Each structure stands twice: as C-alpha cells, then as structure tokens.
Amino acid sequence: MTNTQPTTTHVAAPAVVVRGRVIQRCAVCGHKLADSHNTAVVVSHGRDTSFPVWGEGHLVRVDGNRTTDVGVFGKDETPADVCLDLVE
Ligand SMILES: [Zn+2]
C-alpha cells in the first residue's frame, strides 16, 4: 500500500524528558511530534508537568502545520495515511 494522502498519521510513543527537554516521537517512523525546545517547561522528578504531549498510542494526523488526534492505535481503525511507508 502506498501512501498517496496529503496527510500523514503517526502513532505517538511515550514522551521522554532529556535534560529538561520534553520530546515525543512517532513509535513507527520516529517523526518528531512534540518538542519543548525553546519553551518554558516545568520538570518535576523527571516528569514534565506543564508541556502538552499526545496521549501514548494515539493516532496523530499531520496536515501541514496542523496536528489532530484522530483515534487510538489498536482500538480505532488504522488510517490509510499511516506513516508506515516512511519507514521503508
Ligand atoms: Zn510516524
């Protein structure tokens, strides 16, 4: 299956905090979904308490500069524009 959609949907991996910076990537292709770089973040005991991230396992559709939560991986139908093609 080839992704011919103008959008790409990623699967949110758990966010990690590295040296006070919150980073969240796609669990499938590694696309960066969230990054607190150059933003003010409060980190307490290694866990971010203020920077918003996507829910773990949520399907995050990227359409240009807009990102939308379109469901949960394994619960909702996997979208046709899922990023698997980006791995190949
Ligand atoms: Zn992805």
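What follows draws every value from the coordinates through simple rules; no lab data is involved. The shown structure was predicted, so the numbers you read here are calculated from the model rather than taken from an experiment. Because the Cβ atoms are built from the backbone with ideal geometry, glycine has one as well, and the counts that use them run over all protein chains shown.
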Considering only DSSP beta bridges where both residues belong to the stretch 8-86, give the percentage that are antiparallel (nearest 5).
90
Rounded to the nearest 20 Debye, what is the dipole magnitude of the stretch 8-86 about its Cα centre when Lys and Arg each give +1 and Asp and Glu each give -1 at the C-beta?
380
Pop out the ³J(HN,Hα) list for the stretch 65-79 in order, Karplus 6.51 cos²θ - 1.76 cosθ + 1.60 with θ = phi - 60°, rounded to Hz; leave Gly and Pro as x.
8, 9, 10, 9, 7, 10, x, 10, 4, x, 10, 9, 4, 5, x
Where Rh is the Kirkwood radius over the Cα pairs of the stretch 8-86, the temperature 4 °C and the viscosity 1.567 mPa s, what D in µm²/s does Stokes-Einstein return?
100
In nanometres, what is the gap between the two model label sites at Ala40 and Ala80, each 7 Å from Cα along Cα-to-Cβ?
4.5
